[in-house]
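Nothing in this text is a laboratory measurement; each read-out follows from the coordinates by a stated rule. Just so we're clear, the structure is a prediction, and the values are computed from it rather than from any experiment. Neighbour counts run over all protein chains shown; Cβ positions are idealised from the backbone, glycine included.
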Amino acid sequence: MPYPIMQWADIATNYHRGTIVLGNGASIAVSSRFAYDSLLKHVQNRGLLTDDVNSLFQFFRTSDFELILRLVWQAFNVNKSLRIPDYRTHQAYLNVRDCLIQAVRDVHPDYGQISDQLPSMYQFLRSFDTVLSLNYDLLVYWTMTYGLNVPDNHKFKDCFLGNGAFDDTWRRFRLPLNELSNTLVFYPHGSLALYRNAVEQEFKIHNTGAGGLLEKIIEEWRSELCVPLFVSEGTMQQKVSSIQSSYYLSTVYREVLTSPRETLTLYGWGLGEHDQHLLKRMHGTGIQRVAVSVFRYDQYYCNYAHQVIQSHLGPIHVTFFDSESPGCWIHAIPHDRQDEEKTDRTKLWSS
């Protein structure tokens, strides 16, 4: 018997002010440029990696660019501090870094290419109290900055302070401060906008110059003073190890994922085996129902997702909704329904 697939508007109130997880399908919906196998395969197909760097990926049995870049960068810094001449390590670092920069340039759209979709993304995400973005791209970051100019008394907060440092007392940000409502945003796999310095301190990059944020990030990488903080690829065990090596990522993993919640919405998340550890962390948090987006009414995925969710969260209620239905993510609500939606939101906030 096929699973019923609802329209988002018909179930949205049941998941209002809950938690949403955004997977790679959310990014692909915004731009098809995100539909690539992996960053490593992308640069390998273009013949950009040297033999030395390819051997590093093979030796450490990983496809995670961030891990290899960090390892080579640390080795280079150790040799530099001890005044050990090491041209080969430095060249390997430069090759990994430049390949990562080129790969990001190839797959990541510019702000102007996706800016017309930000209003819909903003309206969708503001209805949740917590956003967990598994994507390292800048789409959620740009959605947050778009909201700074929306006069609706709502704030997105990622718990990074003005100096770029993460505030691990993140729960305090839930308290309204000069706003009516807020949404906390976390990146369980990191983000292009996050980086580590030579002593493993972690910060967020703010765009304070005349160029775009993506160019600012690439400028920081080229400075040789920092490396990006994101987990791009790898097995479940490799991803968990990378998460545990980061103070920010491990805090999100230990505290945010395990915090109480009644509802969970999954959008664009394929629930691959390598990412199911994140779902498992939410077991016992009080989730009573889960809404799962489905692309083009894929019943095979419905069956798979239902089994995975119940195996990790228990026999809870699972609802499926059309990922392209009005009101969810980039799919705007028709103008003739917007007034009705505003009235419904007002009732929800006043209840």
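Laid out as a table, the results:
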item: Part-to-part distance (alpha-carbon centres) for the range 92-136 and the range 1-75, which is given in Å; result: 11 Å
item: The chain: angle of helix 335-350 to the longest principal axis, Cα-based, in degrees nearest 10; result: 90 degrees
item: Burial order of peptide ranges 4-16, 106-118 (average beta-carbon count within 10 Å, highest first); result: 4-16, 106-118
item: Ordering of 125-131, 17-23 by packing [mean C-beta count within 10 Å, highest first]; result: 17-23, 125-131
item: Cross-link partners of LYS80 among aspartates and glutamates (Cα-Cα below 16 Å; sequence separation of 8 or more within a chain); result: GLU224
item: J(HN,Hα) series, the range 293-309, from Karplus relation 6.51 cos²θ - 1.76 cosθ + 1.60, nearest Hz, glycine and proline x; result: 6, 10, 8, 6, 6, 6, 5, 4, 5, 4, 5, 5, 4, 4, 5, 5, 4
item: Antiparallel DSSP beta bridges within the chain, percent to nearest 5; result: 25 percent
item: Burial order of peptide ranges 259-265, 151-157 (average beta-carbon count within 10 Å, highest first); result: 259-265, 151-157
item: FRET efficiency for LEU148 and GLN288, using Cβ-Cβ distance with R0 set to 35 Å, rounded to 0.05; result: 0.55
item: Reported label for calculated mean projected area of the Cα convex hull in nm² given (i) 18.8; (ii) 20.0; (iii) 26.4; result: (i)
item: Relative contact order computed over the range 39-107 (Cα-Cα under 8 Å; 6+ residues apart), in percent; result: 42 percent
